[in-house]
Amino acid sequence: VQLVESGGGLVQAGSSLRLSCVASGGTVSRYGMAWFRQCPGKGREFAAGINWTGASTYYEDSVKGRFTISRDDAKNTMYLQMHSLKPEDTAVYFCAADYMGSALGDISRYDHWGQGTQVTVSS
């Protein structure tokens, strides 16, 4: 499956953004999918995930209550709705997929990655 992210940008603190991850060559309903983010000089960190059945979602503690992960099977797209953005949310956000995966935070489980989209939050 190929993944393409979009929706990043430069926003002020307190703003909202919605990231999209469009899949091709596979259906999102067969993949556990997640958003990871990477700050300069740091490794990729798990932000949110949705398991392959779509029944369970998971969030890193710092984004709980502010970010919502979802998917639209008809559009073969996964989303990350981000509210109340903070400067510390600034990162490149990557979409990842794990065939029939649980979408937990183990980065080694994800075989498919997008190219990333930059999110910059100014104070």
> If you roll a 1.4 Å probe over the heavy atoms of the protein chains, what accessible area per residue do you get for the chain, in Å²?
Replying inline: 48 Å²
> Label points 7 Å out from Cα along the Cβ direction at residue 45 and residue 83: separation in nm?
Replying inline: 2.2 nm
>> Once neighbouring chains are kept in place and the probe is 1.4 Å, which whole percent of the accessible area of segment 68-121 is contributed by carbon and sulfur?
In response: 51 percent
>> Need one number: nm distance between label points at residue 1 and residue 13, each 7 Å from Cα along Cα→Cβ, rounded to one decimal.
In response: 3.6 nm
> Picking from 107, 50, 69, which is most flexible by a Gaussian network model of the chain using Cα springs under 10 Å?
Replying inline: 107
>> Taking amide H atoms as placed 1.01 Å from N in the peptide plane, list the residues 5 or more away in sequence, or in a different chain, whose amide H sits under 5 Å from that of residue 48.
In response: 35, 60
> List the aspartates and glutamates whose alpha-carbon lies under 14 Å from that of residue 42, not counting same-chain residues fewer than 8 positions away?
Replying inline: 88, 89
> Under the Cβ-under-4.7 Å rule, which cysteines of the chain stay unpaired?
Replying inline: 39
> Residues with amide H under 5 Å of residue 67's amide H, sequence separation 5 or more or different chain, H placed in the peptide plane at 1.01 Å from N; which?
Replying inline: 83
>> Can you return the lysines within cross-link range of residue 64? Criterion is Cα-Cα under 20 Å, with same-chain partners fewer than 8 residues away left out.
In response: 86
> Residue separation times 0.36 nm, minus the C-alpha to C-alpha distance between residue 73 and residue 53: what's the value?
Replying inline: 6.1 nm
> Over segment 1-67, what percent of the accessible surface lies on carbon and sulfur atoms, probe 1.4 Å?
Replying inline: 48 percent
>> If you filter segment 32-99 for trypsin sites (Lys or Arg not before Pro), then keep DSSP loop positions with at most 16 other Cβ within 10 Å, what is left?
In response: 42, 64, 66, 75
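The values are calculated or read from the model by the stated rules, or taken from the named source; none is laboratory data. Owing to the predicted nature of the structure, the values given are computational and were not obtained by experimental measurement. We place every Cβ from the backbone using ideal geometry, glycine too, and count neighbours over all the protein chains shown. Side chains included, ligands, DNA and RNA excluded: accessible areas come from the protein's heavy atoms. Shrake-Rupley method; radii C 1.70, N 1.55, O 1.52, S 1.80 Å.
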